[in-house]
Amino acid sequence: MSDKPIISVRGLRNSFGDQVIHEGLELDVQRGEILGVVGGSGTGKSVLMRSIIGLQTPDEGEIEVLGENMVGRNEDEAKNIRRRWGILFQNGALFSTLTVAENVEVPIHEYFPFLNCCSWTNRPPGSTRSPRPRSTSSFARSSRNSS
Ligand SMILES: Nc1ncnc2c1ncn2[C@@H]1O[C@H](COP(=O)(O)OP(=O)(O)OP(=O)(O)O)[C@@H](O)[C@H]1O
Ligand SMILES: [Mg+2]
């Protein structure tokens, strides 16, 4: 197995106008490593994450994820690369109007619409969530609360 980092950031610079958020930031994350980024509000944690996943173009620097350069990719290329990982956001990790199974179906529907796989896409307009077992509902709640 290669010991090349899964995420590699070199010489990252991000700024908004005169406000420099990152300058010369270097970061490696190895396969299987769990990394927490800690810092005061507004210190650039989210901007770093957005840069790594390709939602924000840095002023300078190189970012590689799974061996793929994330800087300067066109939307189709970026979308293809993003299929290879999952991201859980801080809040609202699940769609609260959908069951857990339906939440799992969302990316399948997004990337493979021709499969017509998803029960919730066929619901009549205005209908609410489908009935679901209690354990499923509890799981959805605990998943949301743990993000
Ligand atoms: N799109 C933007 N336009 C202008 N300034 C921005 C933009 N996004 C972030 N910033 C600024 O960049 C700085 C870093 O923001 P960031 O959201 O990365 O902070 P953070 O460390 O994630 O904070 P928090 O802990 O509150 O989530 C902040 O000063 C913020 O105001
Ligand atoms: Mg943040």
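The values are calculated or read from the model by the stated rules, or taken from the named source; none is laboratory data. Predicted, not measured: the structure shown is a model, and the values here were computed from it. All Cβ positions, glycine included, derive from the backbone under ideal geometry; neighbour counts span all protein chains shown.
Structure above, values below:
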item	result
Filter pass, I21 being in a strand (DSSP E or B), away from ligand 2 (no atom under 16 Å from the Cβ) and either in contact (Cβ under 8 Å) with a residue 60 or more places away in the chain or of a type outside the set (D, E) (or both)	no
From G67, G44, G72, residue being surrounded by 15 or more Cβ atoms within 10 Å (Cβ to Cβ), on the phi > 0 side of the Ramachandran plot and modelled with pLDDT of 80 or more	G44
Of all residues making up the stretch 87-115, the number that are farther than 25 Å from G11 by Cα, of a type outside the set (S, T, Y) and loosely packed, with under 13 Cβ neighbours inside 10 Å	13
Enumeration of residues in the stretch 24-63 that are more than 15 Å from ligand 2 (Cβ to nearest atom) and among the basic types (K, R)	R31
Residues within the stretch 16-39 that are surrounded by fewer than 10 Cβ atoms within 10 Å (Cβ to Cβ) and within 12 Å of ligand 1 (Cβ to nearest atom), tallied	6
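Residue-wise test of (1) within 16 Å of ligand 1 (Cβ to nearest atom); (2) free of Cβ contacts under 8 Å to residues at least 12 places away in the same chain; (3) under 17 Å from the mean Cα position of the chain (by Cα); (4) part of a strand (DSSP E or B).
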{"residue": "S41", "(1), (2), (3), (4)": "yes, yes, no, no"}
{"residue": "S46", "(1), (2), (3), (4)": "yes, yes, yes, no"}
{"residue": "T57", "(1), (2), (3), (4)": "yes, no, yes, no"}
{"residue": "I63", "(1), (2), (3), (4)": "yes, no, yes, yes"}
{"residue": "D76", "(1), (2), (3), (4)": "no, yes, yes, no"}
{"residue": "W85", "(1), (2), (3), (4)": "no, no, yes, no"}
